[in-house]
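S.K.: Sharing a structure below in structure tokens format, with a few things to ask.
The values are calculated or read from the model by the stated rules, or taken from the named source; none is laboratory data. Just so it is clear, the structure is predicted and the values come from calculations on it, not from any experiment. Note that we place each Cβ from the backbone using ideal geometry, even for glycine, and neighbour counts take in every protein chain shown.
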Amino acid sequence: MKFGVSFLPDTGPADRPAADYYANALKLSALGDRLGYTYVKMTEHYLKPYGGYSPSPLMFLAAAAAQTKSIRLMTGGIQASFHHPIQLAAEVAQLDAISNGRLELGFARAFLPYEFEAFGIDLDSSKARFQQTIDATVRLLAEESVSEDTPFFRYRDAQSLPRPTQQPRPPVWVAALLTPSSFEWIGERGFNLLMAAPPRKDALAKTQDMVALYRETFERHHGHTGRRPQVAISIPLMIGTSDAHALALAEPRLRHHWRYFADAAKSWEQVQSSAYQGYNEAMKNKMGGMDTADLDATAVLGTPDTVRQRIRALEADLGLDAILWHIDYGAQPYELMSNNLEVFARDVLPGL
């Protein structure tokens with residue numbers, strides 16, 4: 001299994017200046033590179049403390065590329081509905097060149113109504129816009145001349161420059177959460193699967209079904225190529241001298257994260273969309289907060305031995321290929337985040 005560093009800032013000016021956040025995140029990216037982590041990942045969100053310090057994962061990762069040598073740079077993910085494929089393909093290939101072929105191109109389907117409202121984009125058309133933007137971007141990266149005629153963009157004989165350093169294109173990852181058709185679409189396209197934190201215990205069986213659906217669809221459409229489906233998940237990490245110590249360190253910071261998430265998710269209270277079936281109930285549940293058992297189930301907390309046990313359980317439950325440690329939840333100080341990366345690399349990884 002591979003491991004990486006995942007950033008999803010839950011911070012704003014009241015917590016720390018943006019310059020401090022980016023300086024710490026770049027130092028942690030360089031530390032992850034030196035310690036042998038495979039990936040560093042940055043997400044994309046706008047307007048609120050939940051993710052608002054990550055409006056451009058490509059810009060952040062370009063800075064990280066200049067300070068690292070081998071760690072792979074993952075967008076996790078670009079919210080495709082808010083971008084035009086010609087601009088996106090060009091910027092993606094530019095970063096692939098700057099990093100000498102280290103880009104991992106991850107997409108996520110935007111899900112916060114206030115972001116759609118701010119961009120003037122209709123929620124009900126978002127699934128079609130999301131999928132068609134990804135398809136068009138991938139074609140621009142992989143093909144020499146591309147024409148598109150969709151309800152969202154139109155162009156003829158476009159040759160995207162620069163061309164990607166990785167041929168025929170960088171690896172593509174797409175995030176999915178609830179909808180079976182989304183998992184099927186990712187598998188049908190032959191993309192890798194990105195997932196958020198592990199499910200609560202009562203949702204594990206459904207998540208297992210969705211991952212199995214993705215793998216089965218991928219194998220059916222692409223098994224003959226020799227490629228295999230890849231599944232990565234982002235998970236909060238906290239390592240302590242005892243399980244109780246790790247929980248004590250993590251709990252207030254995870255609750256901070258969920259408070260900011262609940263504030264962002266409130267925008268679903270007055271919104272219904274046929275393109276987001278089940279989201280109203282899912283967001284309502286998440287806004288209700290989490291008890292200690294839920295915190296422990298959806299994060300990896302404990303001593304090095306406990307962390308190893310949790311990794312093995314996650315691998316058995318979901319067949320994971322990569323775990324991306326979400327380390328910046330709760331506006332943590334740099335010393336705590338760097339300690340987690342160092343202790344994991346020194347005391348956990350050799351025993352796996």
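S.K.: Would you mind telling me which numbered condition in (1) among the hydroxyl-bearing types (S, T, Y); (2) surrounded by 16 or more Cβ atoms within 10 Å (Cβ to Cβ); (3) out of contact with any Phe, Trp or Tyr (no Cβ under 6 Å at 6 or more places or on another chain) T241 fails?
M.R.: Status for T241: all satisfied but (2).
S.K.: Looking at the stretch 82-107, which of its residues are assigned to a helix (DSSP H, G or I), under 16 Å from S54 (Cβ atoms) and not charged (D, E, K, R)? Steps first, answer last, please.
M.R.: Initial filter on the stretch 82-107 (assigned to a helix (DSSP H, G or I)): 82, 85-98.
Then keep just the ones that are under 16 Å from S54 (Cβ atoms); that gives 82, 91, 95.
Result: F82, L95.
S.K.: So for the stretch 237-259 (the condition being modelled with pLDDT under 90, under 30 Å from D124 (Cβ atoms), not in a loop (DSSP other than H, G, I, E, B) and not small (G, A, S)), does at least one residue qualify?
M.R.: Yes, some residue in the stretch 237-259 is modelled with pLDDT under 90, under 30 Å from D124 (Cβ atoms), not in a loop (DSSP other than H, G, I, E, B) and not small (G, A, S).
S.K.: If a residue has to be touching a strand residue (DSSP E or B) at 6+ places or on another chain (Cβ under 8 Å) and of a type outside the set (D, E, K, R) to count, how many in the stretch 143-158 make the cut?
M.R.: Here is the first cut: in the stretch 143-158, the residues touching a strand residue (DSSP E or B) at 6+ places or on another chain (Cβ under 8 Å) are 145-148, 154-158.
Within this subset, residues satisfying the condition of being of a type outside the set (D, E, K, R) are 145-147, 155, 158.
Final tally of qualifying residues: 5.
S.K.: Next question. Looking at E188 and the list (1) without any contact (Cβ under 8 Å) to a residue 60 or more places away in the chain; (2) in a strand (DSSP E or B); (3) in contact with a His (Cβ under 6 Å, 6 or more places away or on another chain), which single condition is not satisfied?
M.R.: Here E188 clears every test but (2).
S.K.: I want to confirm something. Restricting to the stretch 195-236 and keeping residues that are part of a loop (DSSP other than H, G, I, E, B), touching a residue at least 12 places away in the same chain (Cβ under 8 Å) and over 16 Å from L295 (Cβ atoms), which single residue is nearest to the chain's Cα centre (by Cα)?
M.R.: The initial filter retains those residues of the stretch 195-236 that are part of a loop (DSSP other than H, G, I, E, B), namely 196-200, 226-230.
The next check asks that each one be touching a residue at least 12 places away in the same chain (Cβ under 8 Å); those that pass are 196-200, 227, 229-230.
Pick out the ones that are also over 16 Å from L295 (Cβ atoms) and you get 227, 229-230.
Details: R227: 22, P229: 17, Q230: 14 Å.
Ranking the candidates gives Q230 first.
S.K.: Further question on the same structure: Return yes when W185 is hydrophobic (A, V, I, L, M, F, W, C) and surrounded by fewer than 21 Cβ atoms within 10 Å (Cβ to Cβ) and no when it is not. It would help to see each step written out before you state the result.
M.R.: Values: hydrophobic (A, V, I, L, M, F, W, C): yes; surrounded by fewer than 21 Cβ atoms within 10 Å (Cβ to Cβ): yes.
Against the criterion (hydrophobic (A, V, I, L, M, F, W, C) and surrounded by fewer than 21 Cβ atoms within 10 Å (Cβ to Cβ)), W185 qualifies.
S.K.: Which residues, counting only those in the stretch 118-127, are farther than 13 Å from H83 by Cα and in contact (Cβ under 8 Å) with a residue 40 or more places away in the chain? Before the answer, list the steps.
M.R.: Just the residues of the stretch 118-127 that are farther than 13 Å from H83 by Cα, to begin with: 118, 122-125, 127.
Of everything in the stretch 118-127, those that are farther than 13 Å from H83 by Cα and in contact (Cβ under 8 Å) with a residue 40 or more places away in the chain turn out to be A118, L123, D124, S125, K127.
S.K.: For the condition of a type in the set (K, R) and within 17 Å of E115 (Cα to Cα), what is the one hit in K69, K2, K48? Walk me through it before giving the result.
M.R.: Values: K69 fails: within 17 Å of E115 (Cα to Cα); K2 fails: within 17 Å of E115 (Cα to Cα).
Only one candidate passes the filter, namely K48.
S.K.: Any residue at all in the stretch 309-316 that's of a type outside the set (S, T, N, Q), in contact with a helix residue (DSSP H, G or I) (Cβ under 6 Å, 6 or more places away or on another chain) and touching a residue at least 24 places away in the same chain (Cβ under 8 Å)?
M.R.: Quick first cut of the stretch 309-316, residues of a type outside the set (S, T, N, Q) only: 310-316.
Filter once more, so that each one left must be in contact with a helix residue (DSSP H, G or I) (Cβ under 6 Å, 6 or more places away or on another chain): none.
No, the stretch 309-316 has no match at all.
S.K.: Considering every residue within the stretch 56-70, establish whether at least one is free of Cβ contacts under 8 Å to residues at least 40 places away in the same chain and within 20 Å of D321 (Cβ to Cβ).
M.R.: Within the stretch 56-70, one or more residues are free of Cβ contacts under 8 Å to residues at least 40 places away in the same chain and within 20 Å of D321 (Cβ to Cβ).
S.K.: Could you give every pair whose Cβ atoms fall below 9 Å, whose first residue belongs to the stretch 246-270 and is without any contact (Cβ under 8 Å) to a residue 24 or more places away in the chain, and whose second residue is part of a helix (DSSP H, G or I) and buried (at least 18 other Cβ atoms within 10 Å of the Cβ), counting only separations of at least 6 or pairs across chains?
M.R.: Note: pairs meeting the criteria are K266/M283; E269/M283; Q270/P113.
S.K.: Moving on. Can you tell me which residues in the stretch 140-160 are in a helix (DSSP H, G or I) and out of contact with any Ser or Thr (no Cβ under 9 Å at 6 or more places or on another chain)? Walk me through how you get there before you give the answer.
M.R.: Here is the first cut: in the stretch 140-160, the ones in a helix (DSSP H, G or I) are 140-142.
Matches in the stretch 140-160: A142 only.
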